[in-house]
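Student: Structure provided below as structure tokens; questions to follow.
Taken together, the values in this text are just the output of simple stated rules run on the coordinates, not laboratory data. Remember, predicted model here, so these are calculated numbers, not experimental data. So basically every Cβ, Gly included, is an ideal-geometry build from the backbone, and we count neighbours across all protein chains shown.
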């Protein structure tokens with residue numbers, strides 16, 4: 001996550017707090033999140049993509065009756081669908097990258113042919 005994702009992160013955390021209130025005696029009391037709690041959670045989960053975190057929070061809500069710890073959300077996040085690819089920042093470099101030549105394709109095919117003979121695999125060059 002980046003600093004730009006903080007509003008979405010805070011929305012996820014408040015959504016979780018609303019879904020998992022605290023029980024005080026016979027009544028349910030809303031869970032309170034301090035700015036310090038949010039900052040700590042954000043730092044601990046900074047390496048998790050925000051879309052995966054949102055998915056993990058929803059998945060946790062459907063599969064657990066307890067408020068999640070950061071580790072719970074981290075454990076659910078790899079199961080999330082892959083986020084959409086972000087646009088390349090420097091597509092110009094890729095456009096300038098030279099296409100493979102016929103010579104390089106031929107050499108690569110020779111390597112694959114040798115692997116086919118040695119290991120019995122069926123590898124092909126596909127560009």
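Student: Name the residue that is farthest from residue 18 (Cα to Cα), counting only residues in region 61-81 that are surrounded by 12 or more Cβ atoms within 10 Å (Cβ to Cβ) and in contact (Cβ under 8 Å) with a residue 24 or more places away in the chain.
Tutor: Only one residue tops the list, namely 80.
Student: Let me ask something else. Could you list, ordered by first residue, the pairs with Cβ atoms under 7 Å in which the first is in region 30-41 and touching a residue at least 24 places away in the same chain (Cβ under 8 Å) and the second is in a loop (DSSP other than H, G, I, E, B) and surrounded by 11 or more Cβ atoms within 10 Å (Cβ to Cβ), at least 6 apart or interchain?
Tutor: Matching pairs, first to second residue: 31/20; 31/21; 31/67.
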